[in-house]
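The values are calculated or read from the model by the stated rules, or taken from the named source; none is laboratory data. These numbers come from a predicted model, not from an experiment. No Cβ is skipped: glycine too gets one built from the backbone with ideal geometry, and neighbour counts run over all protein chains shown. SASA here: full protein model, heavy atoms, side chains in, ligands and nucleic acids out. Shrake-Rupley method; radii C 1.70, N 1.55, O 1.52, S 1.80 Å.
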Amino acid sequence: MRAIEIVTINKNLVTEAAQEIRRLQSKYNVTTSNVIVDEDGVGGGVKDIIDCKGFVNNSRPIEVEDGNEIVKPNFDNLKSQCYFKLADVVNKGMMYVDSDGGVKEKIIEELEVVKQKDIDSDMKKGVLTKDKVKELIGRSPDYSDNLMMRMYFEIQPESWSAWGG
C-alpha cells in the first residue's frame, strides 16, 4: 500500500505554485517527468514554468495494452478513465491518504459524489461533470481531482509505476 500525502497550497501566483511544486519535488526526489498539473486555467502557466505533464480533462482516453494488442478504452474522456482507475486502486486497498481529519473528510465527501453518469449513445463510461459535483457538494472537488490525475501514471506506465514495485 502506498501513502498519498496531501499538501494544500492556498490560492497564489502561478510562480508561487511552481516554486512550491519544485520544493516538493526536491523534498521527495520526484523527477519532472513524474509531475502532472491540471492544464486548464492557471495550471497551464504552472505546466509551462515547470515543463511537466499537463492534464486536460476532456482529452481522449489513453490506449492501453491488453496482452499483445493495443485497445481503445471504453471511456468518454481521460478524466473518466482516471476516475475509474482510482476506484480500482482504492477498492484494492492500494492507496492510503496520509492527511489530517479535515482534508480526509473532504476527500471522502468528494469521492462519494463522483459517480458513473448515464452511459452515452456510444456506450462509453463517464463520470459526473465537475459542475454537477460542485453543485452537489457546494465547492470544487480539488482533492479528488488531484488523486484522479495521479492515476495518469498508472494508465501510462512507461512514465512511472509506483504501485507495481
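Might you tell me the accessible area per residue for region 59-123, computed with a 1.4 Å probe and given in Å²?
Numbers: 4230 Å² over 65 residues.
Spelled out: the 1.4 Å probe surface of region 59-123, per residue, equals 65 Å².
What size of dipole, in debye to the nearest 20, comes out for region 1-46 about its Cα centre when the only charges are +1 on Lys and Arg C-beta atoms and -1 on Asp and Glu C-beta atoms? Intermediate values should be presented prior to the final figure.
On the way: 5 positive and 6 negative charges, 51 e Å.
Roughly 240 debye for region 1-46.
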Subject >> Quotient of C-alpha Rg and 2.2 N^0.38 Å, computed over region 67-144 >> reply: 1.24
Original post:
Using a probe of 1.4 angstrom, how much of the accessible area of region 50-117 is carbon and sulfur, in percent?
Top reply: 46 percent
Subject >> For the chain, built as a Gaussian network whose Cα springs stay under 10 Å, the top-fluctuating residue of Leu128, Leu111, Leu13 >> reply: Leu13
**OP:** For the chain, set up a Gaussian network in which alpha carbons nearer than 10 Å are linked by springs, and say which option among Asn12, Asn77, Asn34 fluctuates the most.
**Re:** Asn12
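With N set to the number of residues, divide the alpha-carbon radius of gyration of region 70-112 by 2.2 N^0.38 Å and report two decimals. Don't jump to the answer; show the numbers that get you there.
Working: Rg = 13.1 Å, N = 43, 2.2 N^0.38 = 9.2 Å.
The reported ratio for this selection is 1.42.
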Original post:
Which of Val7, Val114, Met148 sits closest to the plus end of the dipole of the chain, meaning its Cα is farthest towards the positive end, when Lys and Arg get +1 and Asp and Glu get -1 on the C-beta?
Top reply: Val7
**OP:** Please work out, to two decimal places, the log10 of the ratio I(q)/I(0) at q = 0.10, 0.17 Å⁻¹ from a Debye calculation in which every Cα of the chain carries one identical scatterer.
**Re:** -0.38, -1.20
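Beyond 22 Å, how much of the Cα-Cα pair distribution for region 3-89 remains, as a whole percent? Mind showing how you got there, number by number?
Values: 1463 of 3741 pairs.
Here the long-distance tail beyond 22 Å is 39 percent of all Cα pairs in region 3-89.
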Original post:
Who wins for biggest fluctuation among Val71, Val89, Val42 in a Gaussian network model of the chain, springs between alpha carbons below 10 Å?
Top reply: Val71
Original post:
Based on Cα positions only, what radius of gyration and what Dmax would you give for region 24-74, in angstroms?
Top reply: 14.4, 39
Original post:
For the charge dipole of region 16-87, defined by +1 on Lys and Arg C-beta atoms and -1 on Asp and Glu C-beta atoms about the Cα centroid, which residue among Gly41, Val30, Pro61 has the Cα displaced farthest towards the positive pole?
Top reply: Val30
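So which of Lys72/Lys132; Lys27/Lys79; Lys85/Lys125; Lys92/Lys124; Lys53/Lys132 end up more than 21 Å apart, counting from Cα to Cα?
Working: Lys72/Lys132 27 Å; Lys27/Lys79 28 Å; Lys85/Lys125 12 Å; Lys92/Lys124 23 Å; Lys53/Lys132 26 Å.
In this structure, Lys72/Lys132; Lys27/Lys79; Lys92/Lys124; Lys53/Lys132 exceed 21 Å between Cα atoms.
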Subject >> Net dipole in debye of region 17-98 [+1 Lys, Arg Cβ; -1 Asp, Glu Cβ; about Cα centre; nearest 20] >> reply: 260 debye
